[in-house]
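First comes the structure, then the notes that go with it.
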Amino acid sequence: MLVLLAGIFVVHIATVIMLFVSTIANVWMVGYSNLGTASSGLWLLCNKTCEQLPVSSRDEASLKAVQAFMILSIIFSVIALVMFIVQLFTLEKGKRFYVTGAIMLVCWLCILIGVSIYTARFTGKVPESTSSHHGYCFILAWICFCFSFIIGILYLVLRKK
């Protein structure tokens with residue numbers, strides 16, 4: 001049981017780190033043009049230098065929603081990690097980690113909403129590029145989506161022994 005809790009704790013920390021990286025770094029979409037490789041993220045468009053991400057007024061609300069949901073997912077994931085540590089030391093034997101699991105599933109929902117909006121609105125849209133594909137931050141966000149769901153369910157199922 002101790003090994004399982006330690007494993008979940010390590011995966012939870014890895015998920016928090018990957019959420020930070022995927023939200024902060026600007027490699028959600030990568031495109032190629034005659035100027036070289038360009039990448040765009042949630043915040044900046046980077047070619048040789050980085051500049052403010054040019055977004056049409058039609059897509060601005062969608063981008064703000066993606067940014068907000070990814071930040072919320074980080075916040076909920078960190079809160080769930082803190083709650084797990086608190087519950088680990090204060091919870092009575094035989095009780096389940098319901099609070100931690102619920103918070104982690106809210107994190108999962110935030111990731112789902114944020115990445116789904118990005119997928120629907122911004123896939124293939126790298127300004128001034130001819131061909132584009134998803135970058136590592138986009139893939140990390142989907143990996144965090146899977147990890148947060150698995151961790152949330154495991155927290156709900158596990159009992160403190």
**Request:** First check a/c for segment 1-91, with a ≥ b ≥ c the square roots of the eigenvalues of its C-alpha gyration tensor; if it is under 1.5, answer rounded, and if not, answer prolate when a/b is larger than b/c or oblate otherwise.
**Result:** prolate
**Fill in**
Magnitude of the Cβ-charge dipole (Lys and Arg +1, Asp and Glu -1) of segment 73-161 about the Cα centre, nearest 20 debye, reported as 480 debye
**Message:** Using a 4.7 Å cut-off between beta carbons, which cysteines in the chain end up with no partner cysteine at all?
**Reply:** Cys107, Cys110, Cys137, Cys144, Cys146
**Item:** Sparse-neighbourhood loop sites, GluC sites (Glu not before Pro) in segment 1-92 - DSSP loop, at most 11 other Cβ within 10 angstrom
**Value:** Glu92
**Prompt:** Shape of segment 94-161 from its Cα gyration tensor (a ≥ b ≥ c, root eigenvalues): rounded if a/c is under 1.5, otherwise prolate when a/b > b/c, or oblate?
**Reply:** prolate
**Message:** Out of the total accessible area of segment 118-158 (probe 1.4 Å, heavy atoms of protein only), what percent is carbon and sulfur?
**Reply:** 75 percent
**Request:** Using only the alpha-carbon atoms of the chain, report the extent along each of the three principal axes, biggest first, to the nearest angstrom.
**Result:** 62, 28, 21
**Request:** Starting at the first residue of segment 70-82, write each ³J(HN,Hα) from the Karplus equation 6.51 cos²θ - 1.76 cosθ + 1.60 with θ = phi - 60°, in whole Hz, x for Gly and Pro.
**Result:** 6, 5, 4, 5, 5, 4, 5, 5, 5, 4, 5, 5, 5
**Prompt:** Taking only pairs that are 8 or more places apart or on different chains, how many Lys pairs in the chain have Cα atoms under 17 angstrom apart?
**Reply:** 5
**Complete:** Heavy-atom accessible area of Trp142, protein chains in place, probe 1.4 angstrom, given in Å² to nearest 10, is 80 Å²
**Asked** Dipole size in debye (nearest 20) for segment 1-160 around its Cα centre, Lys and Arg Cβ +1, Asp and Glu Cβ -1?
**Response** 520 debye
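The values are calculated or read from the model by the stated rules, or taken from the named source; none is laboratory data. Nothing here was measured: the structure is a model prediction, and the numbers come from that model. Virtual Cβ from ideal backbone geometry, glycine too; neighbours counted across all protein chains shown. Protein only, heavy atoms only, side chains kept; ligands, DNA and RNA dropped before computing areas. Shrake-Rupley method; radii C 1.70, N 1.55, O 1.52, S 1.80 Å.
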